[in-house]
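The values are calculated or read from the model by the stated rules, or taken from the named source; none is laboratory data. Remember, it's a predicted structure, so these values are computed and weren't measured experimentally. Cβ coordinates were reconstructed from backbone atoms using ideal geometry, including for glycine residues, and neighbour counts include every protein chain displayed.
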Amino acid sequence: MAPEVVCLQGVCKSYGVGTPREVEVLHGIDLVLRRGEFCALIGPSGSGKSTMLNLIGLLDRPTAGTLFIEGHDTRRLDDAALTRLRGRSIGFVFQHHHLIGAFTAAENIMMPLLLDRSRPDAAMRRSAERLLDRVGLLPWKDSRVGNLSGGQQQRVAIARALAMSPALVLADEPTGNLDTKSADGVFDLLREMNRESRTTFLIVTHDPRLAQRCDRIVEVVDGRIVADGAVEEFRRIARS
């Protein structure tokens with residue numbers, strides 16, 4: 001069995017703790033993601049998907065329960081250790097790219113490496129160029145990302161997410177701003193990277209067509225996981 005990359009045990013998340021406005025958003029979440037999985041996270045707006053993604057991405061801490069990333073009990077880590085773990089084990093792909101428009105494609109991809117190693121070097125540049133080649137954008141390595149199309153920018157964002165060879169990539173509506181053709185191309189690239197590197201992907205999407213192309217679907221409603229299984233099982237239920 002493949003090793004665990006993510007493990008949530010009884011994870012809860014509340015906001016406004018200790019005040020009259022305290023509200024619990026996640027209620028006892030149990031979830032395991034293993035090496036090489038390609039999983040969709042679905043659910044209506046306000047269901048808790050973004051909160052789950054923030055916790056798994058170590059951008060926030062659970063109110064209760066335990067979260068392990070590559071075997072590290074995150075309760076035992078201070079903020080500096082969490083930052084190091086996030087930078088080295090987790091890549092992010094956002095709907096709005098969050099690229100630096102004044103930088104070139106290669107420079108954007110080098111950013112995670114620069115944050116980890118403090119100063120640029122030739123090896124970083126070669127690594128960025130290899131990733132650009134993998135996503136089909138090597139001819140645009142010296143182009144400012146503000147001059148690239150939306151689909152090209154998202155490919156740069158995917159390459160940046162893979163710069164540190166992370167065990168996990170979190171993708172939040174990665175095709176939400178793209179036309180159907182560009183969205184299909186970006187999704188195909190995510191699948192290709194998953195198969196080549198055995199990186200685990202957790203993809204938040206409102207597009208049922210894309211969710212059906214994943215291997216596993218986790219559905220969240222009102223802060224609870226209400227369904228979790230292989231895509232084939234979801235298709236069987238939909239047909240019945």
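One residue stands out among those in segment 106-121 that are in a helix (DSSP H, G or I) and either of a type in the set (Lys, Arg) or without any contact (Cβ under 8 Å) to a residue 24 or more places away in the chain (or both): the one that is surrounded by the most Cβ atoms within 10 Å (Cβ to Cβ), which is Glu107. Condition first: modelled with pLDDT under 90, surrounded by fewer than 17 Cβ atoms within 10 Å (Cβ to Cβ), farther than 16 Å from Arg35 by Cα and under 15 Å from the mean Cα position of the chain (by Cα). Can you find one or more residues in segment 162-179 that meet it? Within segment 162-179, one or more residues are modelled with pLDDT under 90, surrounded by fewer than 17 Cβ atoms within 10 Å (Cβ to Cβ), farther than 16 Å from Arg35 by Cα and under 15 Å from the mean Cα position of the chain (by Cα). If the condition is being under 19 Å from Gln154 (Cα atoms) and of a type in the set (S, T, N, Q), then segment 80-122 contributes Gln95, Thr104, Asn108. Summed over segment 198-240, the residues that are surrounded by fewer than 20 Cβ atoms within 10 Å (Cβ to Cβ), of a type in the set (S, T, N, Q) and at pLDDT 90 or above give a count of 1.
Every listed requirement among (1) at pLDDT 90 or above; (2) among the aromatic types (Phe, Trp, Tyr); (3) buried (at least 21 other Cβ atoms within 10 Å of the Cβ) is met by Phe187 save one, (1).
Do we have any residue at all in segment 86-105 that's over 26 Å from Thr175 (Cβ atoms), surrounded by fewer than 19 Cβ atoms within 10 Å (Cβ to Cβ) and either over 19 Å from the mean Cα position of the chain (by Cα) or among the acidic types (Asp, Glu) (or both)? No, segment 86-105 contains no residue that is over 26 Å from Thr175 (Cβ atoms), surrounded by fewer than 19 Cβ atoms within 10 Å (Cβ to Cβ) and either over 19 Å from the mean Cα position of the chain (by Cα) or among the acidic types (Asp, Glu) (or both). With the requirement that a residue be over 20 Å from the mean Cα position of the chain (by Cα) and under 20 Å from Phe187 (Cα atoms), what does segment 199-233 give you? Glu232 - this is the single residue of segment 199-233 that is over 20 Å from the mean Cα position of the chain (by Cα) and under 20 Å from Phe187 (Cα atoms). Among the candidates Leu138, Leu59, Leu148, Leu99, the residue that is at pLDDT 90 or above and under 20 Å from Thr200 (Cβ atoms) is uniquely Leu59. Quick check, is Gly36 loosely packed, with under 14 Cβ neighbours inside 10 Å and assigned to a loop (DSSP other than H, G, I, E, B)? So Gly36 does not fit the description; no. Filtering segment 52-82 down to residues that are over 21 Å from Gly36 (Cα atoms) and in a loop (DSSP other than H, G, I, E, B), which residue is nearest to the chain's Cα centre (by Cα)? Here the answer is Leu59.
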